[in-house]
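Just below is one structure, and these are the notes that go with it.
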Amino acid sequence: MSHIAKTRLTQAQLDAHWMAYSGNRQFKADPRLIVSAEGKYYTDLDGRKIFDGLSGLWTCGLGHSVPSINEAVAKQVKTLDYSPAFQYGHEKSFELAEKITQFMPAELNRVFFTGSGSESVDTALKIARAYWRKKGKGTKVKFIGRAKGYHGASVSGFSVGGIPANRTLYGQGLESYHLPHTQVPGTEFTKGMAEQGKERAEDLVNLITMHDASNIAAVIVEPMSGSAGVIVPPQGYLQRLREICDQHDILLIFDEVITGFGRMGAKTGAEAFDVTPDVITLAKQVTNGVIPMGAAVFKQEIYDTFMEQGGPDYMLEVPHGYTYSAHPIACAAGLASLEEIQQQNLVERVKEMSPIWQDCVHQLRSVSPIISDIRNYGFAAGLTIAPVDNEPAKRPFQIAMSMWDKGYYVRYGADTIQLAPPFTTEKSEMDSLINALGDALQEQH
C-alpha cells in the first residue's frame, strides 16, 4: 500500500532529499516514514507500533526517548549549546573522555572525539600514519583491511573496507590491501565462534611478505563484522592477528563502532574476544544514537609520542580535528547514555540473555530452505539468504518489507538480514520478532 497520499510531504520535498544508503526511487514511490519512537518501538505514519529489531542502526541499545538522556540534552542546550572545539574546552568533554576509558581495555586511555564512526576511522588512520613518521618510519603509510569489512563512508573508510558495493563506484582510494573474510565453508549455522577459520589470519603474513612491514602502518578490522551480516571471528583468529602485528611492528586497529558499549555482552569487542588492539574506534552507542558523536581511543604510548615531539607547548601536536569534536550536547548525551548502561548493568544483562537470543535465532534454521547460514554473537545475528533470479539483494529486501508490514524493523544488506535488538529486550519480544521473521521467510519460499 502506498503511503505517499497520507504524508504531508510534497513531491518536491521528497525529491529534494538524496537519501543515504537507500533505494531513493523505490522509497519515494512508497515512503516508509517514522514519526516517533519510545522504548523499543517506533511509530509509523499510520500510527502502527514497529518493534526496533536493529536498535536504530546498531545505535539505540537503551531504546528510544530515554528520560535521563533527554533531560541531560535539554539542560545542556540551555546551558552551553556550542563551544569552540579548537584551543578551548568545556568540562563535559573531559568527564566523558574519562567515562569512556572505564569501558576500554586499561592500556587504551586517550580519547580523541569525532562526529561519527567514519570520522573516527579517518582519525585512527591519519594518526597511525603520523605516529610512524614521529617514530622515524615515514614509509609506513599503507593499510590492510579485510574483505566484507565496513569502516564508514569516507574515502579512507571505503579504501580499507571490503564490501564491493561500497567500493566499485568510486575508483581508487588510499593504497590498501585486504585479508580474506572468515566465513569458512563448513562453519554454516555455527552458534557463536567457529572452531575453524583461525588459519585465515596467516594471510596477513603473506601480505606483509609481499608489501613489506616497513610500508604498512596498520591493520584495521571489526572484531565482529556487523554491516556485512554479523560475521563472528573464529576462535583464536584475532589473537593471531595481534601476534603478527606485534612481530612486524604494525598497529592493530579495532573498529568497534558497532561492538562497543555492550552489544557483545562485554564492554567492547576487545574484551569479548580477549584481544587488546592499539586503537579502538567508536560511535553509535556512545550517545545511544541521540546526537552524532564518535571517538578514537589510543594507547598512551601513541599519545605520549606526539606530546614528547610536539615542540613548544603552545604548538599543535596533531593538526587534526572537526568543528563538532566534543560537542557539548553530544557529550551530555554520551555521559547520560554510559551512566544508564552502567547503572542498569546492561552489559551483564546482554551477556546473560545472549544464550536465549542465540537459541531463538537458530530456530529459524528449520523454517525455510532459503536460509543458507545463521550467525550470532551477543545481541546480534545475521542470516544469509539464498538468491532468487540471480539477484542476491532481492529476497532480503522483500523480507524486510514484509517485516515492516508485520510491525518489525530489521536491516537488509546485500544477501543478508541483520538483527540487533535493544539491550532490554525480553524473551517474549525475541520470540515475537523471530516468529514474524519465520513467517516472512516462509512467504518467500
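Since every read-out is calculated from the coordinates, none of them should be taken as a lab result. Because the structure is a prediction, the values reported are computed rather than measured. Please note: Cβ atoms are built from the backbone with ideal geometry, for glycine as well, and neighbour counts cover all protein chains shown.
For the reader, a short list of remarks on this structure follows.
- For LYS351, the lysines whose Cα falls under 25 Å of its own Cα, not counting residues fewer than eight places away in the same chain, are LYS40, LYS99, LYS191, LYS198, LYS267, LYS284, LYS427.
- Residues SER428 and GLN344, FRET efficiency given R0 of 25 Å [Cβ-Cβ distance, rounded to 0.05]: 0.85
- DSSP beta bridge pairing in the range 69-343, given as percent antiparallel to the nearest 5: 45 percent
- Cβ-derived FRET efficiency at R0 35 Å, THR168 paired with THR7, nearest 0.05: 0.55
- Peptide ranges 399-412, 213-226, 20-33 listed from the most packed, as the mean C-beta count within 10 angstrom indicates: 213-226, 399-412, 20-33
- Positive-end residue, the range 69-343 charge dipole about Cα centroid, Cβ charges, pick of THR281, VAL111, SER93: THR281
- The modelled label-to-label distance for the pair HIS17/SER214, using points 7 Å beyond Cα in the direction of Cβ, is 5.4 nm.
- Using a Gaussian network model of the chain in which every pair of alpha carbons under 10 angstrom is joined by a spring, one finds that among PHE143, PHE423, PHE397 the greatest mean-square fluctuation is at PHE397.
- Cα gyration tensor shape for the range 181-323, rounded if a/c is under 1.5, else prolate or oblate: oblate
- Charge dipole (debye, nearest 20) of the range 256-331; +1 at Cβ of Lys and Arg, -1 at Cβ of Asp and Glu: 500 debye
- Dipole magnitude for the range 136-240: computed about the Cα centre from +1 point charges on Lys and Arg Cβ and -1 point charges on Asp and Glu Cβ, it is near 200 debye.
- Only Lys, Arg (+1) and Asp, Glu (-1) charged, at Cβ; the range 69-343 dipole about Cα centre in debye: 500 debye
- Couplings 3J(HN,Hα) for the range 256-269, derived from phi with the Karplus relation 6.51 cos²θ - 1.76 cosθ + 1.60 (θ = phi - 60°), are 10, 4, 9, 7, x, 6, x, 4, 8, x, 8, 5, 8, x Hz, where x marks Gly and Pro.
- In the range 247-353, the GluC sites (Glu not before Pro) that fall in loop regions by DSSP, at most 16 other Cβ within 10 Å: GLU317
- Furthest towards positive pole of dipole, GLY236, GLY47, ALA266, structure part the chain, Cβ charges: GLY47
- Sequence-distant residues sharing a close amide H with ARG146 (under 5 Å, placed H): GLY162, LEU179
- Karplus-derived HN-Hα couplings along the range 312-325 (A = 6.51, B = -1.76, C = 1.60, θ = phi - 60°), whole Hz, x at Gly and Pro: x, 5, 8, 7, 6, 6, 9, x, 7, x, 9, 3, 9, 4
- Furthest towards positive pole of dipole, TYR377, ALA330, CYS360, structure part the range 294-445, Cβ charges: CYS360
- Classified by the C-alpha gyration tensor, the range 46-164 has an oblate form. Its axis ratio a/c, with a ≥ b ≥ c, is 1.5 or above, and a/b does not exceed b/c.
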